[in-house]
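Visitor: So that we are looking at the same thing, I have put the structure below in structure tokens.
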Amino acid sequence: MSLLQVTWTDPATQARGYLVIDRLVRGVSSGGLRMRAGCTLDEVRALAEGMTAKEALNYDPAARYVPLGGAKGGIDFDPYDPRAKDVLTAYLHAMSPYIERFWTMGEDLGLRQSTIDEAIAKIGLQSSIQAVYPLLDDEKKARQRLADAFQVTVDGVSLDELAGGYGVAEAALTGIDHLHLHNPTAFVQGFGSMGGATARYLAKAKVRVVGLADVHGVVANPAGLDVETLLLSRDAHGAIDRTKLRPEDRELPGDSWLDVQADVLVPAATSYAIDSGNAGQVRAKLIVEAANMPVTPEAEAMIDALVIPDVVANSATNSWWWWTLFGDIDATAESAFEKIGTNMRRLVTAVISEPSPRAAARHLAAAAVTEIELRFP
């Protein structure tokens, strides 16, 4: 049962927006804000529950950062619509009392952090994560540390756009080792912050990325795509610049993304991308959930593949913010990647040895939540 559910209607467009706070820890919750046409309260509620698990799974009693409660925001509106920024600003203004005191939030599907920051400044708030500031030992130093981290770039891409996908890639590599896959290939559905970084670090680890999907369709090459060139030339919404494709690369329809043969499948775009209707097309041996809830329970029961659940695989995005802000890591790529890699391999190893990795993740998260509640009643 969620602690709080809020439904909002934009007076100008009639767009619907939602906020669900699943749990508070030390009075604060954490979870991103997404914008997509068709977003529902049920979806946001499930995502908020997942955020509670993601936070808890990264609990370390010896760390400065104590996981927060889970929350999620969602706006049922097309992020490509020219009115999207106005709708976002109106939503954030309506939710400002929660942002000020209870809900820390960052980018999710359909939104970039820079767009959220712009809207936050417009309505007069300090930050999208200001609710956590009272928990900091030295707010000024902590905020500067996070600001410094957001200025770090790695080979032309901001660190904040790489942290989550680096974690997903580490999760995938752990799964590849577990399954003893030799010369593995990968397909990544979605080429935004999460999918783009995942593809980059899989390619750097010598995993052949044979296909990518964006909003315009699929690009594929069984010999491997030039991920780095495509990454550095994508647009703000993660769309691939087709002029950068090589002659041997193929363009395919968007609905053919499950037709590209690959050992590793990384759904990194929308929720419910794999359902009972298309589960039979999945041929991958390993699925790594970079998106939130990309595989429905019905589909997972039909798929003969190891599935690394989203609450584990994509948890590094959220944790990187807090590890940096609370001072558990330095504002450098080296510190971030070392912490993410160590934590991700530990978590993935713990769940994939069980009959149901998803159930194992839920069990670990529940145990951590209990420990946190005993420590901070």
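The values are calculated or read from the model by the stated rules, or taken from the named source; none is laboratory data. Not measured: the values here are computed from a predicted model. Methodologically, a virtual Cβ is constructed for each residue, glycine included, from the backbone with ideal geometry; neighbour enumeration extends over all protein chains shown. These area figures cover heavy atoms from the full protein model, side chains too; ligands, DNA and RNA do not enter into them. Shrake-Rupley method; radii C 1.70, N 1.55, O 1.52, S 1.80 Å.
Visitor: Which condition from (1) without any contact (Cβ under 8 Å) to a residue 40 or more places away in the chain; (2) in contact with a Pro (Cβ under 8 Å, 6 or more places away or on another chain) is the one that Gly110 breaks?
Guide: So the condition that Gly110 fails would be (1).
Visitor: Something else: Every residue in segment 242-297 that is modelled with pLDDT of 95 or more, among the polar types (S, T, N, Q) and in contact with a helix residue (DSSP H, G or I) (Cβ under 7 Å, 6 or more places away or on another chain), please.
Guide: Scanning segment 242-297 gives a single hit, Ser276.
Visitor: Any idea which of Ala239, Ala213, Ala223 is closer than 26 Å to Ile340 by Cα and either open to solvent by 40 Å² or more (accessible area, probe 1.4 Å) or in contact (Cβ under 8 Å) with a residue 24 or more places away in the chain (or both)?
Guide: Numbers: Ala239 fails: closer than 26 Å to Ile340 by Cα; Ala223 fails: closer than 26 Å to Ile340 by Cα.
Answer to the selection: Ala213.
Visitor: For Arg101, which of the numbered conditions (1) of a type in the set (D, E, K, R); (2) over 17 Å from Met35 (Cα atoms); (3) at pLDDT below 95 fails to hold?
Guide: For Arg101, the failing item is (3).
Visitor: Return the total of residues in segment 108-123 being outside any loop (DSSP other than H, G, I, E, B), open to solvent by less than 60 Å² (accessible area, probe 1.4 Å) and of a type in the set (Gly, Ala, Ser).
Guide: So the first thing to find is which residues in segment 108-123 are outside any loop (DSSP other than H, G, I, E, B), and the list is 113-122.
Add one more test, that the residue is open to solvent by less than 60 Å² (accessible area, probe 1.4 Å), and what stays is 113, 115-116, 119-120.
Restricting the remaining residues to those that are of a type in the set (Gly, Ala, Ser) gives 119.
Of the residues in that region, 1 qualify.
Visitor: Restricting attention to segment 242-271, report how many residues are surrounded by 15 or more Cβ atoms within 10 Å (Cβ to Cβ) and either at positive phi or in contact (Cβ under 8 Å) with a residue 60 or more places away in the chain (or both).
Guide: 12
Visitor: Could you list, in sequence order, the residues of segment 351-363 that are surrounded by fewer than 17 Cβ atoms within 10 Å (Cβ to Cβ) and more than 19 Å from Met51 (Cα to Cα)?
Guide: The answer is Ser353, Glu354, Pro355, Ser356.
Visitor: For segment 173-188, which positions are on the phi < 0 side of the Ramachandran plot and open to solvent by 20 Å² or more (accessible area, probe 1.4 Å)? Give the derivation first.
Guide: Of all residues in segment 173-188, those on the phi < 0 side of the Ramachandran plot come to 173-179, 181-182, 184-188.
Hits for segment 173-188 are Leu173, Asp177, His178, Leu179, Leu181, His182.
Visitor: Oh, and also: All but one of (1) in a loop (DSSP other than H, G, I, E, B); (2) more than 30 Å from Ala131 (Cβ to Cβ) hold for Ile329; which doesn't?
Guide: (2)
Visitor: Let me ask you something else. Is it the case, given these coordinates, that Leu231 is open to solvent by less than 30 Å² (accessible area, probe 1.4 Å) and assigned by the TED database to the domain that holds Ile303?
Guide: Numbers: open to solvent by less than 30 Å² (accessible area, probe 1.4 Å): yes; assigned by the TED database to the domain that holds Ile303: yes.
So Leu231 fits the description; yes.
Visitor: Here's a follow-up. Modelled with pLDDT under 95 and either farther than 24 Å from Leu33 by Cβ or among the hydrophobic types (A, V, I, L, M, F, W, C) (or both): is that true of Ala305 in this structure? Working first, answer last.
Guide: Numbers: modelled with pLDDT under 95: no; either farther than 24 Å from Leu33 by Cβ or among the hydrophobic types (A, V, I, L, M, F, W, C) (or both): yes.
Here the answer is no, as Ala305 does not meet what is asked.
Visitor: Something else now. Yes or no: Asp328 touching a residue at least 40 places away in the same chain (Cβ under 8 Å), surrounded by fewer than 23 Cβ atoms within 10 Å (Cβ to Cβ) and among the acidic types (Asp, Glu)? I'd like the intermediate steps shown before the answer.
Guide: Values: touching a residue at least 40 places away in the same chain (Cβ under 8 Å): yes; surrounded by fewer than 23 Cβ atoms within 10 Å (Cβ to Cβ): yes; among the acidic types (Asp, Glu): yes.
Criteria met by Asp328.
So that you can scan it fast, the table gives a plain yes or no per residue for (1) part of a strand (DSSP E or B); (2) touching an Asp or Glu at 6+ places or on another chain (Cβ under 8 Å); (3) not hydrophobic (A, V, I, L, M, F, W, C):
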site: Asp255; (1), (2), (3): no, no, yes
site: Gly280; (1), (2), (3): no, no, yes
site: Ala290; (1), (2), (3): no, yes, no
site: Phe337; (1), (2), (3): no, no, no
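Visitor: For segment 23-49: of the residues being in contact (Cβ under 8 Å) with a residue 12 or more places away in the chain and either charged (D, E, K, R) or not assigned by the TED database to the domain that holds Gly69 (or both), which is surrounded by the fewest Cβ atoms within 10 Å (Cβ to Cβ)?
Guide: Applying the first criterion (in contact (Cβ under 8 Å) with a residue 12 or more places away in the chain) to segment 23-49 yields 23-41, 43-49.
Those left that are additionally either charged (D, E, K, R) or not assigned by the TED database to the domain that holds Gly69 (or both): 23, 26, 34, 36, 43, 45, 49.
Details: Arg23: 22, Arg26: 15, Arg34: 24, Arg36: 19, Glu43: 21, Arg45: 18, Glu49: 20.
In this case the residue turns out to be Arg26.
Visitor: Only one of these is within 26 Å of Gly50 (Cβ to Cβ) and more than 20 Å from the chain's Cα centre (by Cα): Asp304, Asp226, Asp330. Name it. First the steps, then the outcome.
Guide: Working: Asp226 fails: within 26 Å of Gly50 (Cβ to Cβ); Asp330 fails: within 26 Å of Gly50 (Cβ to Cβ).
Criteria check complete, one pass: Asp304.
Visitor: Here's a follow-up. What is the residue count in segment 48-78 for residues that are within 22 Å of Val215 (Cβ to Cβ) and at pLDDT below 95?
Guide: Total meeting the criteria: 0.
Visitor: Another one. Pick out the one residue from Gln126, Gln130 that is buried (at least 16 other Cβ atoms within 10 Å of the Cβ) and either without any contact (Cβ under 8 Å) to a residue 60 or more places away in the chain or not assigned by the TED database to the domain that holds Gly17 (or both).
Guide: Numbers: Gln126 fails: buried (at least 16 other Cβ atoms within 10 Å of the Cβ).
Of the residues listed, the single one that is buried (at least 16 other Cβ atoms within 10 Å of the Cβ) and either without any contact (Cβ under 8 Å) to a residue 60 or more places away in the chain or not assigned by the TED database to the domain that holds Gly17 (or both) is Gln130.
Visitor: Identify all residues within segment 85-107 that are farther than 12 Å from Leu125 by Cβ, acidic (Asp, Glu) and either assigned to a helix (DSSP H, G or I) or not assigned by the TED database to the domain that holds Val28 (or both); write none if there are none.
Guide: Start the filter on segment 85-107 by keeping residues that are farther than 12 Å from Leu125 by Cβ, which leaves 85-88, 90-91, 94, 102, 106-107.
Those left that are additionally acidic (Asp, Glu): 86, 107.
Result: Asp86, single match.
Visitor: Next question. Every residue in segment 1-22 that is modelled with pLDDT of 95 or more, outside any strand (DSSP E or B) and surrounded by fewer than 16 Cβ atoms within 10 Å (Cβ to Cβ), please. Let's see the steps before the verdict.
Guide: Of segment 1-22, the ones modelled with pLDDT of 95 or more are 4-22.
Next, from what is left, pick out any that are outside any strand (DSSP E or B): 10-15, 22.
The answer is Pro11, Ala12, Thr13, Gln14.
Visitor: Test each condition in (1) surrounded by 16 or more Cβ atoms within 10 Å (Cβ to Cβ); (2) more than 19 Å from Arg34 (Cβ to Cβ) for Gly164 and report the one that comes out false.
Guide: The one condition Gly164 does not meet is (2).
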